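The values are calculated or read from the model by the stated rules, or taken from the named source; none is laboratory data. Small disclaimer: the values here were computed from a predicted structure and weren't measured. Glycine gets a Cβ as well: all are built from the backbone with ideal geometry, and neighbour counts include every protein chain shown.
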């Protein structure tokens, strides 16, 4: 994993640990995986000011990546890629102004 993001106050490490736990709990349920990815991405954007590309890297590109660290096989991640992409796109949208 790329740990060069500023971790003042432990936010980065906490985000990584929470992300792994969310993905592990969602394993085997694509809908829950999508919900977990949206939550992980939104927290990364909001709390750590990460870009979508950096969150994507943490999830799937880095070796082993958050999915790998949560116990997913490469085949599972490949099968979930459309759901992961959809959830990332949804999380990337800014909420409508009220």
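Does residue 10 satisfy the criteria of being at pLDDT 95 or above and assigned to a helix (DSSP H, G or I)? Here the answer is no, as residue 10 does not meet what is asked. Restricting attention to region 27-52, the residues that are surrounded by fewer than 15 Cβ atoms within 10 Å (Cβ to Cβ) and outside any helix (DSSP H, G or I) add up to 4.
Scan region 53-77 for residues that are exposed (fewer than 11 other Cβ atoms within 10 Å of the Cβ) and assigned to a helix (DSSP H, G or I) and jot them down. Quick ask: steps written out before the conclusion?
Start the filter on region 53-77 by keeping residues that are exposed (fewer than 11 other Cβ atoms within 10 Å of the Cβ), which leaves 53, 63, 73, 75.
53, 75, listed by residue number.
Return the residues of region 14-27 that are under 16 Å from residue 49 (Cβ atoms) and free of Cβ contacts under 8 Å to residues at least 24 places away in the same chain; say none if nothing qualifies. The one that is under 16 Å from residue 49 (Cβ atoms) and free of Cβ contacts under 8 Å to residues at least 24 places away in the same chain: 14.
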